[in-house]
Amino acid sequence: MEIETLNSILLLEDDESINKGITFILEKDGYQVYSCETVAQANKVFHQQEIKLIICDITLPDGSGLDFVKKVREESSVHVIFLTALDQEVDQVMGYEAGADDYITKPFSLSVLKLKVSAFFKKQQGVSRERIESGNICFYVNEMRVLAAGKEVSLTKNEWKMLQVFMENPRQILSKNQLLERIFDAEGDFVDENTIAVNIRRLREKIEPDSSKPEYIKNVRGIGYLWDKECRR
């Protein structure tokens, strides 16, 4: 049976028995599982394959799963599930701060993991292809995909949310506080206004033809920012 890249999973787990057990049960359900035991292997796979879901341990022989996910988050909004024996509240907080979407502690149920994986992919396959277009930007709302001049743009989770806010509210001035509330506060992150400026700069570098002369995201001195082009669905 041919496996679609839509169902590709990167598994980073150094315990051989757990790794084999997860790989076996997920491949049995038809998923393409790229099994890794080190951060180095996982990093290589992530950049060579179209990964849709990452299941990641934290304590690994050549580094930390937290650091791996932080780097992944710099360039992708791929769904991440941490699977680890670190079960203290502070560990879970660090996991979510690193960019995890879910956190499962060991010992765990393979059935529960399988259900979480199935629920994620069903959601992905069932969403509509709603999109917003503005200039040469095409934003696929439910697929977490962005095209700029026909080329796919890799965004972090926060850059993605920021772009969505702008494109759903074109020609509307958004204050820094509004952006902070819409993008960060919902997750309980503690950030300052400078974080918005940093994310704006990075987003411009990725979507603007010339980030030094932005066409899309304009500054409104002393107030905030606005998306300065019409958007159509």
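Spacing of the modelled spin labels on Leu115 and Gln49, each 7 Å from Cα toward Cβ, amounts to 2.6 nm. Shown here are the Rg and Dmax of the Cα trace of the range 1-91, at 12.7, 43 Å.
Beta bridges assigned by DSSP with both partners in the chain are antiparallel in approximately 55 percent of cases. For the range 52-91, backbone nitrogen atoms closer than 12 Å to the point 7 Å from Tyr140 Cα along Cα-to-C-beta are found at no residue. For the range 36-143, a Kirkwood radius taken over Cα pairs fed into Stokes-Einstein (20 °C, viscosity 1.002 mPa s) yields D = 140 µm²/s. Taking the number of Cβ atoms within 10 Å of each Cβ as an exposure proxy, the fewest-first ranking of Trp227, Trp160 is Trp160, Trp227. Where both bridge residues fall in the range 39-163, DSSP classifies roughly 60% of the beta bridges as antiparallel.
Rounded to the nearest 500 deg cm²/dmol, what is the calculated helix-only ellipticity per residue at 222 nm for the chain, with -39500 (n - 2.57) per DSSP H run of length n ≥ 4? All intermediate terms of the calculation are to be shown ahead of the outcome.
On the way: 8 runs with 94 residues, N = 233.
So the calculated ellipticity at 222 nm is -12500 deg cm²/dmol.
Which of the DSSP-defined H helices in the chain satisfy a minimum axial length of 30 Å, computed from C-alpha atoms, and a minimum mean Kyte-Doolittle hydropathy of 1.6? Flagged H segments: there are none.
Among the listed pairs Lys123/Lys229; Lys52/Lys229; Lys44/Lys161; Lys151/Lys229; Lys20/Lys123, a Cα-Cα separation exceeding 29 Å is found for Lys123/Lys229; Lys52/Lys229.
So what is the orientation-averaged projected area of the chain, using the convex hull of its C-alpha atoms, in nm²?
Numbers: hull surface 54.4 nm².
For the chain, averaging the hull's shadow over all directions gives 13.6 nm².
Label-to-label distance for Arg201 and Asp29 is 4.2 nm, based on points extended 7 Å past Cα in the beta-carbon direction.
Would you mind ranking Met162, Met144, Met167 so that the residue whose beta carbon has the fewest other beta carbons within 10 Å leads the list? Mind showing how you got there, number by number?
Values: Met162 24, Met144 18, Met167 21.
Neighbour counts put them in this order, fewest first: Met144, Met167, Met162.
The order of Leu115, Leu12, Leu60, going from fewest to most other C-beta atoms within 10 Å of their C-beta, is Leu115, Leu60, Leu12. Based on alpha-carbon atoms, the Kirkwood radius and the radius of gyration of the range 131-227 give Rg/Rh equal to 0.93.
Would you mind putting 211-223, 74-86 in packing order, based on average other-beta-carbon counts within 10 Å, highest first?
74-86, 211-223
Since every read-out is calculated from the coordinates, none of them should be taken as a lab result. This structure is a prediction, so every number in the text was calculated from the model and none was measured. All Cβ positions, glycine included, derive from the backbone under ideal geometry; neighbour counts span all protein chains shown.
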